[in-house]
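Report on the structure given below.
The values are calculated or read from the model by the stated rules, or taken from the named source; none is laboratory data. Nothing here was measured: the structure is a model prediction, and the numbers come from that model. Methodologically, a virtual Cβ is constructed for each residue, glycine included, from the backbone with ideal geometry; neighbour enumeration extends over all protein chains shown.
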Amino acid sequence: MAQSLNKTVELHTTGVSYMAIGGKVGKFLIGDVALEFYPDVNVEQYIQIPWTSITQIGANVSGKRISRHFEVLTDKSKFLFASKDSGKILKIAREHLGNEKVRQTTNSHSNYWRSTQRFICQKIIIFV
């Protein structure tokens with residue numbers, strides 16, 4: 001039987017965990033002690049991440065729009081999740097972790113653009 005670490009639940013929402021091949025649909029329980037994910041298929045395959053072990057949490061942001069996908073980095077591993085309420089999850093995480101641990105992650109488009117600019121600048125310097 002799965003036992004929650006949280007004494008009070010601040011947010012209960014649905015989402016997807018990308019820990020295995022394909023995603024597992026389930027429920028998020030965000031509370032005072034941990035971020036928890038319980039899959040719908042088998043609740044015994046739960047993920048509990050205490051706030052104390054999270055080193056960084058972040059999502060892609062474009063303008064004022066927050067991506068539904070977000071990642072959680074801990075001391076030992078990296079977890080990828082998606083939820084329609086990722087903005088609310090990140091706000092609650094900011095309350096528990098502080099501003100320095102909630103980050104805006106870079107997306108592949110901005111990484112591509114940055115590397116392209118670097119390449120073009122190097123070519124211009126060579127020809128000058």
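How about the range 73-105: which of its residues are of a type outside the set (D, E, K, R), surrounded by fewer than 17 Cβ atoms within 10 Å (Cβ to Cβ) and over 23 Å from residue 26 (Cα atoms)?
98, 99, 104, 105
Determine which member of the set 29, 11 is surrounded by 13 or more Cβ atoms within 10 Å (Cβ to Cβ), in contact with a His (Cβ under 7 Å, 6 or more places away or on another chain) and on the phi < 0 side of the Ramachandran plot.
Residue meeting the stated conditions: 29.
Suppose we filter 41, 72 for residues that are among the hydrophobic types (A, V, I, L, M, F, W, C), in contact with a strand residue (DSSP E or B) (Cβ under 7 Å, 6 or more places away or on another chain) and not in a strand (DSSP E or B); which single one remains?
Sole residue among the options that is among the hydrophobic types (A, V, I, L, M, F, W, C), in contact with a strand residue (DSSP E or B) (Cβ under 7 Å, 6 or more places away or on another chain) and not in a strand (DSSP E or B): 41.
Restrict the check to the range 32-45 and report whether at least one residue is touching a residue at least 24 places away in the same chain (Cβ under 8 Å), more than 13 Å from the chain's Cα centre (by Cα), more than 13 Å from residue 15 (Cβ to Cβ) and surrounded by 15 or more Cβ atoms within 10 Å (Cβ to Cβ).
Yes, the range 32-45 has at least one match.
For residue 87, work out the one condition from (1) under 23 Å from residue 2 (Cβ atoms); (2) at pLDDT 85 or above it doesn't fulfil.
Unmet for residue 87, out of (1) under 23 Å from residue 2 (Cβ atoms); (2) at pLDDT 85 or above: (1).
In the range 44-64, which residues are within 21 Å of residue 98 (Cα to Cα) and assigned to a strand (DSSP E or B)?
Matches in the range 44-64: 48, 49, 50, 54, 55, 56, 57, 58, 59, 60, 61.
Contact list please: Cβ distance under 9 Å, first residue in the range 75-98 and under 22 Å from residue 21 (Cα atoms), second residue surrounded by 19 or more Cβ atoms within 10 Å (Cβ to Cβ) and polar (S, T, N, Q), pairs at least six apart or on different chains.
From residues that are under 22 Å from residue 21 (Cα atoms), the pairs are 79/17; 80/17; 81/17; 82/17.
Taking residue 74 as the residue in question, decide whether it is of a type in the set (S, T, N, Q), touching a helix residue (DSSP H, G or I) at 6+ places or on another chain (Cβ under 6 Å) and at pLDDT 90 or above.
yes
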